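What follows is a single structure, written as structure tokens, with notes after it.
Bear in mind these aren't lab numbers, they're just calculated from the coordinates by the rules spelled out. All of these numbers come straight from a predicted model, not from anything done at the bench. All Cβ positions, even for glycine, are placed from backbone atoms using ideal geometry, and neighbour counts span all protein chains on display.
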Amino acid sequence: MKFCYFDESGMGEEPYLVVAGIIVDATRMHVTKDAWADFLEYLSNAAGRKVDEFHSREFYRGNGVWRGTDGAKRAQMIEAVLNWVENRKHKCVFSGIAKKEYEKKLKSDERLKQFKSKWCAAAMHCTLQVQKQHQREAKTKGHSVLIFDREVS
């Protein structure tokens, strides 16, 4: 069984929309959860403040708990996050949409109109990537749980 957690960025006036997901095998979920708690402690020490959750919106801008943490140090932390994911053999999928290009193509491409929104198009692309990731594994049909943490304003 696979669990896939997705989140998006760019639902506002930004030029791009990105939906990204991390795929975790259920057999390693408890180990991942414990390791994530340890990693949040590492981030807390690096930030000099308690970090309970990792929100890239605050992180990239240096806001919230990251206020006062310089860009070079945050860049090191990004590398640490990516290494953390890679060391656990989790897979990542993502989809990016250039909003202006999407809007231009939407006028003439009937396939895009079926998605009803940019978010749905990006989410479907990620879903298909998850399917492709697991198509060579035996007996995986119907064994993935997809969790979309969509921000609704």
Where a residue in the range 5-25 is touching a residue at least 12 places away in the same chain (Cβ under 8 Å) and over 25 Å from ASN87 (Cα atoms) and its partner, wherever it lies, is buried (at least 16 other Cβ atoms within 10 Å of the Cβ) and among the charged types (D, E, K, R), with Cβ under 8 Å and at least six apart: LEU17/GLU8; LEU17/LYS118
Residue in the range 128-135 that is outside any helix (DSSP H, G or I), touching a Ser or Thr at 6+ places or on another chain (Cβ under 6 Å) and in contact (Cβ under 8 Å) with a residue 12 or more places away in the chain present: no
Per the list (1) within 17 Å of the chain's Cα centre (by Cα); (2) farther than 24 Å from VAL31 by Cα; (3) not in a strand (DSSP E or B), residue check on GLU86 breaks on (2)
Selection count, the range 111-127, where residues are under 14 Å from LYS99 (Cα atoms), surrounded by 13 or more Cβ atoms within 10 Å (Cβ to Cβ) and either among the hydroxyl-bearing types (Ser, Thr, Tyr) or in contact (Cβ under 8 Å) with a residue 40 or more places away in the chain (or both): 3
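What about THR32, is it over 20 Å from the mean Cα position of the chain (by Cα), outside any loop (DSSP other than H, G, I, E, B) and either hydrophobic (A, V, I, L, M, F, W, C) or within 24 Å of HIS143 (Cβ to Cβ) (or both)?
For THR32, the condition - over 20 Å from the mean Cα position of the chain (by Cα), outside any loop (DSSP other than H, G, I, E, B) and either hydrophobic (A, V, I, L, M, F, W, C) or within 24 Å of HIS143 (Cβ to Cβ) (or both) - is not met.
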VAL51 is checked against (1) assigned to a loop (DSSP other than H, G, I, E, B); (2) among the aliphatic types (A, V, I, L, M); (3) surrounded by fewer than 16 Cβ atoms within 10 Å (Cβ to Cβ) and fails just one. What number does that condition carry? (3)
Scanning for something surrounded by 11 or more Cβ atoms within 10 Å (Cβ to Cβ), assigned to a strand (DSSP E or B) and in contact with a Leu (Cβ under 8 Å, 6 or more places away or on another chain), does the range 91-105 turn up at least one residue? yes
